[in-house]
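Below is one structure; the comments refer to it alone.
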Amino acid sequence: MEAMPNLMLFLFLFLSIVSTFGAESDYVRPQPRQTLHFPLNQKSSSQPRQVHISLAGDKHMRITWITNDHSAPSFVEYGTLPGNYTSVSQGESTSYTYILYKSGKIHHAVIGPLEAGTVYYYRCGGEGSEFQLKTPPSQLPITFSVAGDLGQTGWTKSTLDHINLCKYDVLLLPGDLSYADYLQHRWDTFGELVEPLASTRPWMVTQGNHEKESIILFKSPFDSYDARWKMPFEESGSSSNLYYSFEVAGTHVIMLGSYTDYDESSDQYAWLKADLAKVNKERTPWLVVLFHVPWYNTGADIVICGHVHAYERSKRVYAGKSDPCGAVHITIGDGGNREGLAHRYIPQPEWSVFREASFGHGELKIVNSSHAFWSWHRNDDDEPVKSDQVWITSLAASGCAAEKNHQPKKFT
């Protein structure tokens, strides 16, 4: 991703500041694992498959599922007791074709208003299994689980197993979900793979390069991704599913698109300026930004990003140098992809605090308005090992502010 200097300036005004410690690990990278193989799904054509949920505005949740039966209805029944559905929400549906492939009927239904921190039981389309979800809390603390570049390998399964042991409220995924790479049935197997987790907690995602599946004069790049993983772009005033924002428990999260226009004349740039202008730091003292391609990284070419298949955490950095009022950048493109881990590093810059080529996931617990705790959990022979951790201080509590020209400045 090319440098985005003006866009970066707007982001740095709001990004949380991180106090750092730690050193580069001597960990030896594991070998990649084989792509998973999936048995034939025996469900009837009208039963819901690939169920996942996402936040959809204040006190609402979007339920997404797929049926092979294109006449199956698009509604969700839900309630706070098992089998006792006191509410119903009518949804919408879509489908798409890709050369010789035709998707199932993709259903989206928004439910709510919902109570915070509450378990709800739900059923899609009037038949099939009952699912349950837990809504995020309305106030801090809140815990995010973070994984990028997931794919569908043995390491993916290990990462998902470890995430499942984490008591998290929302999962954040900065791009490269299924690694379908034009093979549309791989979108279906990915949906089945993540359903046990993605049906119980909201998964908030943005696109990566492996979501691009364009065919010149025939298919737009993100038709499959947009149809299957609808995010709250309309609820946040965005015109594109490729970039959006949402608020949850004192945190404003911005998900940007690395593969759609972002220059000063672009819709994304204009939307980002407007979105940042609406941030209320008293209501949401934390601002977290995710996108796929890193700005700062010593592995290949960054804030939470994927793309580079390794883990790395920077010091507070701005304009390529350590800055006490800059932002920390985290690369976490190592959820379990089939391409393996990054194998080359440039000499470690002074702003790079910790880096290692391992598969795993991160956890971000925002404790209160001023402090949060980040930890990195590598998959070590399938056992989760916490190999990096750091306390985070919010911008408001760090003594930093910004002048009108958007340059970082320390309070005196």
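The values are calculated or read from the model by the stated rules, or taken from the named source; none is laboratory data. Computed from a prediction, not measured in an experiment: that's the story for all the values here. All Cβ positions, glycine included, derive from the backbone under ideal geometry; neighbour counts span all protein chains shown. With ligands, DNA and RNA removed, areas are computed over all heavy atoms of the protein, side chains included. Shrake-Rupley method; radii C 1.70, N 1.55, O 1.52, S 1.80 Å.
Looking only at residues that are hydroxyl-bearing (S, T, Y) and open to solvent by 30 Å² or more (accessible area, probe 1.4 Å) in the stretch 109-154, which one is nearest to N41 (Cα to Cα)?
As a first pass, look at the stretch 109-154 and keep what is hydroxyl-bearing (S, T, Y): 118, 120-122, 129, 135, 138, 143, 145, 153.
From the residues that got through so far, the ones that are open to solvent by 30 Å² or more (accessible area, probe 1.4 Å) too are 118, 121, 129, 138.
Values: T118: 31, Y121: 24, S129: 14, S138: 38 Å.
The selected residue is S129.
Filtering the stretch 352-387 down to residues that are among the hydrophobic types (A, V, I, L, M, F, W, C) and open to solvent by 30 Å² or more (accessible area, probe 1.4 Å), which residue is modelled with the lowest pLDDT? Don't jump to the end; show me each part of the working.
First pass over the stretch 352-387, keeping only residues among the hydrophobic types (A, V, I, L, M, F, W, C): 353-354, 357, 359, 364, 366-367, 372-374, 376, 385.
Filter again for open to solvent by 30 Å² or more (accessible area, probe 1.4 Å), leaving 367, 373, 385.
On the way: V367: 95, F373: 94, V385: 82.
Result: V385.
Where in the stretch 314-368 are there strands (runs of 3 or more DSSP E), lying fully within it, with 1 or more residues that are in contact with a His (Cβ under 7 Å, 6 or more places away or on another chain)?
360-366
Would you mind finding the one in K102, K43, K59 that is among the basic types (K, R), out of contact with any helix residue (DSSP H, G or I) (no Cβ under 9 Å at 6 or more places or on another chain) and under 29 Å from I215 (Cα atoms)?
Working: K43 fails: under 29 Å from I215 (Cα atoms); K59 fails: under 29 Å from I215 (Cα atoms).
Of the residues listed, the single one that is among the basic types (K, R), out of contact with any helix residue (DSSP H, G or I) (no Cβ under 9 Å at 6 or more places or on another chain) and under 29 Å from I215 (Cα atoms) is K102.
Does the stretch 170-187 hold any residues that are surrounded by fewer than 22 Cβ atoms within 10 Å (Cβ to Cβ) and among the charged types (D, E, K, R), and which are they?
D181, R186
For (1) within 30 Å of I99 (Cα to Cα); (2) of a type in the set (G, A, S), each residue gets a yes or a no:
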| position | (1), (2) |
| --- | --- |
| V119 | no, no |
| S129 | no, yes |
| V146 | no, no |
| T153 | yes, no |
| Y179 | yes, no |
| Q184 | yes, no |
